[in-house]
Amino acid sequence: MNSSINIKYILITAVAVVSSFFFHELAHFITGKLLGYEMGMTLNSAFLLEGEYQYGWHQQLVSAAGPMFTIIQAFVIFYFIRKTNNKYWYPFLFFAFYSRILAMIISIFNPNDEARISAWLGLGYWILPLTVGFTLFILLVKTSKEQKYNLKFNLINYFLSTLFIAGVVFSDQYILK
């Protein structure tokens, strides 16, 4: 396996991070719109423009839409990598895992999608985030073993993803507002 990083790989990682953020939030946005709510969206959030959800399950459905997209993305990309042996798909799988782990960590301070749903279902804050994180971790480990992606390659993916996440969060907070 040639796990070297080139400019093409770096650019694809940037696309993976930005598009994953966008489509995760778009899933929240579309679900809210389909339920009849006026929604707003940035690269890092989707939200009600005014008022509150009419029913608790509406809020949970909107919360679930983003992670469901991310989980489906991970499984589809896992399949593509297995079929094509193309390392350029890997940033999309890596970021799906990394974004849900970050969401779980952030939930310590502010319950995120899976944590809110988990608590609403009476499972506590950690059952769903841990289940999602573990599932995506298994896909990442299986792919890394099958494709012979070493620790160095994964650490580079971590660094690149972190760099591009910072760019998305910065642009969301300071440029797009």
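The figures follow:
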| quantity | calculated |
| --- | --- |
| Residues with amide H under 5 Å from that of MET39, placed H, sequence gap 5 or more | LEU49 |
| Computed over the stretch 56-141, the ratio Rg/Rh where both radii use C-alpha atoms and Rh is Kirkwood | 1.03 |
| Positive-pole candidate from ALA27, ASN85, ILE105, dipole of the chain, charges at beta carbon | ASN85 |
| Å³ per residue enclosed by the Cα convex hull of the chain | 116 Å³ |
| Local net charge near MET41, Cβ-Cβ under 12 Å (Lys/Arg +1, Asp/Glu -1) | -2 |
| Per-selection metrics, the stretch 1-71 (Cα): Rg and Dmax in Å | 15.8, 53 |
| Accessible surface of VAL15 - all protein chains present, 1.4 Å probe, nearest 10 Å² | 90 Å² |
| Sulfur and carbon atoms: percent of accessible area, the chain [1.4 Å] | 68 percent |
| Ordering of 131-137, 121-127 by burial proxy (mean other Cβ atoms within 10 Å per residue, highest first) | 131-137, 121-127 |
| Alpha-carbon Rg/Rh ratio, for the stretch 110-177, with Rh computed the Kirkwood way | 1.11 |
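The values are calculated or read from the model by the stated rules, or taken from the named source; none is laboratory data. Source: prediction; values computed, not measured. Positions of Cβ are generated from backbone atoms using ideal geometry, with glycine treated the same way; all protein chains shown enter the neighbour counts. Each accessible area value is taken on the protein alone, full model and side chains, heavy atoms only, with ligands, DNA and RNA left out. Shrake-Rupley method; radii C 1.70, N 1.55, O 1.52, S 1.80 Å.
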